[in-house]
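What follows is a short report on a single structure.
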Amino acid sequence: MNRFLLPLLGAALFALPACNSESDTKGQGFSETTKPGTATETPAATMPEGAGKPADMPAATGSAPTKGQPDPYGPTAPHATDAEFMQSAAHSDQNEIQLSKMALAKGVTGDTKSFAEKMLADHAKSTAALKPIAAKAGVTLPTDMDADHQKMAPVMQGLSGKAFEDRYLQQMQADHQKTANTLAAHQQMTKNPALMGWITATLPVVTEHLGMATSDARMKM
């Protein structure tokens, strides 16, 4: 009898270490199909929601611009060279002059009328100061609005009353923000002392216009 029991007892004792080894492996945080020492030996991790791909991650953004000031992250007019900048600046003056003439012809009143009259005076003065700088650099300045505003003008001409006034002030706000952005950006680029002086004198006027347009637009809401 003992001859049969002894081999069975030995086999049972031999199996115990193997069971303990399997239990220890499962308790280390690895999946049951992964063994330590393989290339996939990595504890399971929970990914944050929305982190599946770079496109799902929030985009890095800069500080929000101060209201009424240039936005370094905002749109600009073309200004790769001094010549291109001066042409864009002259277009900008004409954009404000022509749309403000339209506003006065449509009979805007109150603060909007005062604003439109100021646009005519200040932007005419801006162009007059830019002309000799452009002439010395051999740059011919445009005398009309840019292509976008030429397309826009008939649409605005078809508006009247409050609808026109609201659209005019909104456009003045957008235009002056873009112009302020362009002036501030090219100020860091130009090596022309005369043009630098013009930008330095013009930028505060444009930011003043931007603040006025923003304030007037809010009052009309």
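Screening the candidates ALA213, ALA217, ALA194, ALA201 for the property of being within 21 Å of the chain's Cα centre (by Cα) and among the hydrophobic types (A, V, I, L, M, F, W, C) yields one hit, ALA213. Tell me, please, whether a residue that is part of a loop (DSSP other than H, G, I, E, B) and under 22 Å from the mean Cα position of the chain (by Cα) can be found in the stretch 168-179. For the stretch 168-179, residues part of a loop (DSSP other than H, G, I, E, B) and under 22 Å from the mean Cα position of the chain (by Cα): absent. Residues in the stretch 139-176 that are under 23 Å from PRO78 (Cα atoms), small (Gly, Ala, Ser) and free of Cβ contacts under 8 Å to residues at least 40 places away in the same chain: ALA147, ALA174.
Scan the stretch 202-219 and tell me whether some residue there is within 17 Å of GLN94 (Cα to Cα), surrounded by 14 or more Cβ atoms within 10 Å (Cβ to Cβ), of a type in the set (D, E, K, R) and out of contact with any Cys (no Cβ under 9 Å at 6 or more places or on another chain). Scanning the stretch 202-219 turns up no residue that is within 17 Å of GLN94 (Cα to Cα), surrounded by 14 or more Cβ atoms within 10 Å (Cβ to Cβ), of a type in the set (D, E, K, R) and out of contact with any Cys (no Cβ under 9 Å at 6 or more places or on another chain). Of the residues examined, ALA153 is not one that is of a type in the set (A, V, I, L, M, F, W, C), closer than 13 Å to SER100 by Cα, touching a helix residue (DSSP H, G or I) at 6+ places or on another chain (Cβ under 6 Å) and not in a loop (DSSP other than H, G, I, E, B). Within the stretch 131-147, can one find any residue that is modelled with pLDDT of 95 or more, in a helix (DSSP H, G or I), hydrophobic (A, V, I, L, M, F, W, C) and surrounded by 14 or more Cβ atoms within 10 Å (Cβ to Cβ)? The answer is yes, given that some residue of the stretch 131-147 is modelled with pLDDT of 95 or more, in a helix (DSSP H, G or I), hydrophobic (A, V, I, L, M, F, W, C) and surrounded by 14 or more Cβ atoms within 10 Å (Cβ to Cβ).
You will find that of SER126, SER114, the residue that is surrounded by fewer than 16 Cβ atoms within 10 Å (Cβ to Cβ) and at pLDDT 95 or above is SER114 and no other. Filtered by the rule that a residue be in a helix (DSSP H, G or I), of a type outside the set (A, V, I, L, M, F, W, C) and within 16 Å of HIS186 (Cα to Cα), the stretch 64-115 gives ASP82, GLU84, GLN87, SER88, HIS91, SER92.
The values are calculated or read from the model by the stated rules, or taken from the named source; none is laboratory data. Note that the coordinates shown come from a computational prediction; the quantities given were computed from them, not determined experimentally. Glycine also receives a Cβ, built like all others from the backbone with ideal geometry; neighbour counts cover every protein chain displayed.
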